[in-house]
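Participant: First the structure, which I've put down as structure tokens, then a few questions once you've had a look.
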Amino acid sequence: MRIDIVTLFPEVALAPLSDSIIQRARAAGLVTVEGHQLRDWSEDKHRRVDDSPCGGGQGMLLQAGPLFAAVEALKRDDTRVLLMTPQGRPFKQALAQELAQESHLLILCGHYEGVDQRVIDALVDDEISIGDYVLTNGALAAAVLSDAVIRLLPGALGDERSPVDESFSDPNLLEAPAYTRPIDFRGMKVPEVLLSGHHGKISAWKSTQAEARTRKNRPDLRAE
Ligand code: ADE
């Protein structure tokens with residue numbers, strides 16, 4: 001897989017993808033990730049890429065010209081073009097799984113108050129939001145999406161854990177609480193049942209706990 005990220009802050013987008021599991025996946029050749037400076041496609045002598053919105057309104061918009069030039073330079077026949085924006089569809093695990101099947105993702109990062117709508121109409125396959133809050137720009141959102149996709153690539157997590165299990169797990173249920181040694185930490189004990197070796201009982205306990213945790217932390221998931 002190849003991921004190209006076009007942003008005013010390539011170093012912000014790449015920093016979280018340069019360590020640990022993701023760095024190993026890159027070193028192993030499972031994915032090539034490149035950051036691109038949007039200003040490199042500016043035709044302005046001051047390398048400007050933004051202007052004020054037509055009809056008035058707050059802030060500045062990314063202009064169509066540099067983003068069109070970037071996409072024309074980087075797009076291939078097999079490319080899926082994404083725009084990171086708080087106006088997008090919510091990013092969920094199911095979409096991460098879908099994107100992990102693609103061969104080339106070209107991720108455009110919004111900034112300021114957004115991008116010229118003609119970019120979205122003509123170039124973008126999916127507008128994607130990572131959550132209901134507004135970041136200063138899309139570079140962090142691009143890193144979040146890339147991380148979630150790359151760890152799903154076959155071989156990225158090594159032998160320890162397979163993401164395949166996750167795809168079969170219920171997306172509307174959080175995981176049960178988990179414990180590791182020591183068994184007694186400052187008087188707080190690991191629940192007996194987990195030490196019982198009785199797989200049926202452990203499994204039933206995990207289901208009950210997962211259900212309770214979901215009802216407490218994500219009641220919206222149970223209502224869906
Ligand atoms: N850019 C700014 N906020 C964002 C968000 N929540 N998701 C995706 N891109 C963004």
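The values are calculated or read from the model by the stated rules, or taken from the named source; none is laboratory data. Because the structure is a prediction, the values reported are computed rather than measured. Cβ: placed from backbone, ideal geometry, glycine included. Neighbour counts: every protein chain shown. These accessible areas exclude ligands, DNA and RNA; they are computed on the full protein's heavy atoms, side chains included. Shrake-Rupley method; radii C 1.70, N 1.55, O 1.52, S 1.80 Å.
Participant: Of the residues that make up segment 54-74, is at least one farther than 22 Å from Leu157 by Cβ, among the aliphatic types (A, V, I, L, M) and free of Cβ contacts under 8 Å to residues at least 40 places away in the same chain?
Facilitator: Checking segment 54-74: at least one residue is farther than 22 Å from Leu157 by Cβ, among the aliphatic types (A, V, I, L, M) and free of Cβ contacts under 8 Å to residues at least 40 places away in the same chain.
Participant: Can you pull out the residues in segment 31-64 that are open to solvent by 50 Å² or more (accessible area, probe 1.4 Å) and within 16 Å of the ligand (Cβ to nearest atom)?
Facilitator: Gln58, Met60
Participant: Follow-up. Take segment 179-208 and flag every residue that is of a type outside the set (Ser, Thr, Tyr), at negative phi, out of contact with any helix residue (DSSP H, G or I) (no Cβ under 8 Å at 6 or more places or on another chain) and open to solvent by 60 Å² or more (accessible area, probe 1.4 Å).
Facilitator: Applying the first criterion (of a type outside the set (Ser, Thr, Tyr)) to segment 179-208 yields 181-195, 197-202, 204-206.
Among the residues that remain, those that are also at negative phi are: 181-185, 188-195, 198-202, 204-206.
Add one more test, that the residue is out of contact with any helix residue (DSSP H, G or I) (no Cβ under 8 Å at 6 or more places or on another chain), and what stays is 181-182, 184-185, 188-190, 192, 195, 198-200, 204, 206.
Hits for segment 179-208 are Arg181, Pro182, Asp184, Phe185, Met188, Lys189, Glu192, Leu195, His198, His199, Lys206.
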